[in-house]
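K.L.:
Here you go, one structure.
The values are calculated or read from the model by the stated rules, or taken from the named source; none is laboratory data. Bear in mind that the values here come from a model prediction, so they are computed numbers and not experimental data. Ideal geometry is used to build each Cβ from the backbone, glycine not excepted, and the neighbour counts take in all protein chains shown. Protein only, heavy atoms only, side chains kept; ligands, DNA and RNA dropped before computing areas. Shrake-Rupley method; radii C 1.70, N 1.55, O 1.52, S 1.80 Å.
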Amino acid sequence: MSHTVEILCVGTELLLGNIVNSNAQALSRELSGLGLNVLYHSVVGDNPGRLKAAVDQARKRADVIVTTGGLGPTCDDLTKQTLAECFGKKLVFHPECAQAIEAYFKRMGREMTENNLSQAYLPEDCSILDNAWGTAPGCAFQSGGAYVVMLPGPPRECLPMFKERAAPWLARLSEGVIRSRTLRVFGSTESGVEAIFRDRMNQLTNPTLAPYAKEGEVELRITAKADTAQAADALIAPVEAEVRSVLGDLVYGADVSGLEQVVLELARARGLTLGTAESCTGGLIAKRLTDIPGSACVFKGGVVSYHCEVKAGVLGVDQALLDEKGAVCAEVAEEMALGAKKALGCDLAVAVTGVAGPDPDERGNPVGLVYTALAAPDGTWVKKLDLAAPGARRDRIRTLAANHALDMARRWLEKG
């Protein structure tokens, strides 16, 4: 039997948009890895009537229900009570859970209020999922042909509890594994990639191939289901090879976080250092590079030269050039990259200057006109970009500009 899953996230704050529902995304990946088919995501507020209706609906269309949230000590934490009612179960006090909650507060050096002991009440005959990351234990049980797993809402508790506690309980339902390989593509659009592979995607059933638009790039995800991870990977491999053969160097990585990760890994492998000089991107490239742990062994630093005085005074851009042509031109981009390479003492430097909007600059340069440059040991290169797609926002132009700069570095590093 192939098991189907509905993830039911409980919390009014999710509906109001106060927090992002990251649990659903993370749990979907983990459940797929167990070979369980996630068919539905639902979100419901802290209301017992609506939660009961959502559970009743989930029971009709899935045999595995995974809930997050509503297990805490406050009056709006009603998930356990409601699901126990839905499945005709009593809530039972578990002294060992109470002791664990008390021990948690003692470790944290905080006073425990009496209402925290409500978290020790769990549905009868359930498997307790100990919470080493917070106070609210989770639980799992089987009833009426359904398998139910309840997890706390905070992501720092939810995901590790699933991996360490819930996954072993659900593993008995697995009839294989689902594996995915995500190819990252820069230099084409989702519609362009889809047009290339439309016929092939329609032919494939296992594995499947699907494009997803990301900010300024495209993901191509290959997904296979098989009895073992090795067998699934063997199904994925020829499709990945086919995609790479067709798209060539537009594919910049597989299962990577972004261009910045690839650039850092390539530079580290070659023993090279990197620096940045940014104008319209305002430090975005440096931020993305330093978001990655261990980047310090490659990234020397960056200069945010938003004003022409900084371009001239710190990066050494010729003042006469700035006076004649302004900050947005190929020559300034090149001198910014060379200046960063010299000032930071790095092997490679990328630079960006342009007009991110929402208005043209003082010289009439249009929104979306951007120049990126790369200074390397064997020369310098400049690229002129028109990033003003219809409705292009300032943040999108900045993201695309950063992507193009990083891609210049990636391509140079790949050539070796």
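K.L.:
Which order do peptides 69-78, 244-253 fall in by mean Cβ count within 10 Å, highest first? Could the numbers behind the result be given before it?
P.N.:
On the way: 69-78: 19.0, 244-253: 16.0.
Packing proxy ranking, top to bottom: 69-78, 244-253.
K.L.:
Using 0.36 nm per residue of separation minus the Cα-Cα distance, give me the extension gain between Q81 and N47 in nm, one decimal. Don't skip to the answer; put the middle values down first.
P.N.:
Details: separation 34, 0.36 × 34 = 12.24 nm, distance 1.14 nm.
Full extension of this stretch gives 11.1 nm more.
K.L.:
Hey, another quick one. Work out the length of the dipole vector of segment 60-216 about its Cα centre, built from +1 on the beta-carbon of each Lys and Arg and -1 on the beta-carbon of each Asp and Glu, and round it to the nearest 20 debye. Numbers along the way, then the final one.
P.N.:
Values: 18 positive and 18 negative charges, 116 e Å.
For segment 60-216, the charge dipole is close to 560 debye.
K.L.:
Continuing with this model, one more query. Report the Cα centroid-to-centroid distance between segment 1-53 and segment 354-416 in angstrom, as an integer.
P.N.:
Spelled out, the Cα-based centre of one part sits 39 Å from the other.
K.L.:
Name the long-range amide H neighbours of L129: under 5 Å, sequence gap of 5 or more, or other chain; modelled H, no Pro or chain starts.
P.N.:
For L129, the qualifying residues are G138, C139, A140.
K.L.:
Checking the table K311/K383; K60/K89; K325/K383; K106/K163; K300/K384; K52/K89 against a 21 Å threshold on Cα-Cα, which pairs fail?
P.N.:
In this structure, K106/K163; K300/K384 exceed 21 Å between Cα atoms.
K.L.:
For the chain, report the accessible area per residue in Å² (1.4 Å probe, heavy atoms, rounded to an integer).
P.N.:
On the way: 19090 Å² over 416 residues.
Here the residues of the chain average 46 Å² of exposed surface.
K.L.:
Which far-off residues, 5 or more places away or on another chain, put their amide H under 5 Å from the one on L387, with H placed in the peptide plane?
P.N.:
Answer set, sorted by chain and number: L369, V370.
K.L.:
OK, next. Just to confirm my understanding: which cysteines in the chain have no other cysteine beta carbon less than 4.7 Å from their beta carbon?
P.N.:
Flagged as lacking a Cys partner: C9, C75, C86, C97, C158, C280, C297, C308, C329, C346.
K.L.:
Hey, of [x] 28.0; [y] 29.4; [z] 24.7, which did the structure itself give for Kirkwood radius over Cα pairs in Å when calculated?
P.N.:
[z]
K.L.:
Further question on the same structure: What relative contact order, as a whole-number percentage, does segment 264-416 give when Cα pairs under 8 Å and 6 or more residues apart are counted? Walk me through the numbers on the way to the answer.
P.N.:
Values: 303 pairs, mean separation 35.8, N = 153.
Reported as a whole number, the value is 23 percent.
K.L.:
In addition: Where does segment 345-416 land on Rg/Rh, using Cα atoms and the Kirkwood Rh? Don't jump to the answer; show the numbers that get you there.
P.N.:
Working: Rg = 13.3 Å, Rh = 12.8 Å.
My calculation puts Rg/Rh at 1.04.
K.L.:
Projecting each Cα onto the charge dipole of the chain (Lys/Arg +1, Asp/Glu -1 at the beta carbon, about the Cα centre), which of C297, T135, G216 comes out farthest on the positive side?
P.N.:
T135
K.L.:
Can you compute 3J(HN,Hα) from phi for each residue in segment 403-410, using the Karplus curve 6.51 cos²θ - 1.76 cosθ + 1.60 with θ = phi - 60°, rounded to whole Hz and x for Gly and Pro?
P.N.:
Karplus values, whole Hz, x for Gly and Pro: 4, 5, 5, 5, 5, 4, 5, 4.
K.L.:
Would you calculate a helix-derived [θ] at 222 nm for the chain, using -39,500 (n - 2.57) for each DSSP H run of n ≥ 4 and dividing by the full residue count, to the nearest 500?
P.N.:
Values: 15 runs with 165 residues, N = 416.
Result for the chain, helices only: -12000 deg cm²/dmol.
K.L.:
Evaluate the distance, in nm, between pseudo-label points positioned 7 Å from the Cα of N115 and of T74 along their respective Cα→Cβ axes.
P.N.:
In this crude spin-label approximation the distance works out to 0.8 nm.
K.L.:
Given a Förster radius of 56 Å and the C-beta distance between A296 and E124 as r, what FRET efficiency does 1/(1 + (r/R0)^6) yield to the nearest 0.05?
P.N.:
On the way: r = 53 Å, r/R0 = 0.95.
After rounding, the FRET efficiency stands at 0.55.
K.L.:
Might you report the magnitude of the Cβ-based charge dipole of the chain about its Cα centre, with Lys and Arg at +1 and Asp and Glu at -1, to the nearest 20 debye?
P.N.:
Values: 44 positive and 51 negative charges, 97 e Å.
My answer is approximately 460 debye.
K.L.:
Right, another one. Per residue of segment 14-25, in order, report the coupling 6.51 cos²θ - 1.76 cosθ + 1.60 (Karplus, θ = phi - 60°) as ³J(HN,Hα) in whole Hz, putting x for Gly and Pro.
P.N.:
6, 5, 7, x, 6, 9, 8, 7, 6, 4, 4, 5
K.L.:
Separate question: On the protein heavy atoms, probe 1.4 angstrom, tell me the percent of accessible surface of segment 1-89 carried by carbon and sulfur. The partial results should precede the final answer.
P.N.:
Numbers: 2000 of 3890 Å².
After summing per-atom areas, the C and S share lands at 51 percent.
K.L.:
Here's a follow-up. Over the chain, what is the mean sequence separation of C-alpha contacts under 8 Å (at least six apart), divided by residue count, expressed as relative contact order in percent? Before the final figure, lay out each step's value.
P.N.:
Values: 799 pairs, mean separation 44.2, N = 416.
Relative contact order for the chain comes out at 11 percent.
K.L.:
Further question: Considering only DSSP beta bridges with both partners in the chain, what is the antiparallel share in %, to the nearest 5? Walk me through the numbers before you get to the answer.
P.N.:
Values: 44 of 71 bridges.
Within the chain, antiparallel bridges account for around 60 percent of the total.
K.L.:
Moving to a separate point now. In debye, nearest 20, what is the charge dipole magnitude of segment 186-283 about its Cα centre with +1 on Lys and Arg Cβ and -1 on Asp and Glu Cβ, if you could check?
P.N.:
Values: 8 positive and 15 negative charges, 27 e Å.
It works out to roughly 140 debye.
K.L.:
Now a separate question. Please list, in order along segment 363-371, the HN-Hα scalar couplings obtained from phi with the Karplus expression 6.51 cos²θ - 1.76 cosθ + 1.60 (θ = phi - 60°), rounded to whole Hz, x for Gly and Pro.
P.N.:
With the stated coefficients, segment 363-371 comes to 9, x, 5, x, 4, x, 6, 9, 10 Hz.
K.L.:
Have a look at A231, V149, A58 and report the one farthest towards the positive end of the charge dipole of the chain, computed about the Cα centre with Cβ charges (Lys/Arg +1, Asp/Glu -1).
P.N.:
Checking the options against the dipole of the chain, the answer is A231.
K.L.:
Restricting to bridges with both residues inside segment 265-411, how much of the DSSP beta-bridge set is antiparallel, in percent to the nearest 5? Mind dumping the intermediate values first?
P.N.:
Working: 14 of 24 bridges.
Here the share of antiparallel DSSP bridges comes out near 60 percent.
K.L.:
What does the extension gain come out to for M201 and Q57, with contour length at 0.36 nm per residue minus their alpha carbon separation? Working shown, then result.
P.N.:
Numbers: separation 144, 0.36 × 144 = 51.84 nm, distance 3.20 nm.
Taking 0.36 nm per residue and subtracting the Cα distance, the gain is 48.6 nm.
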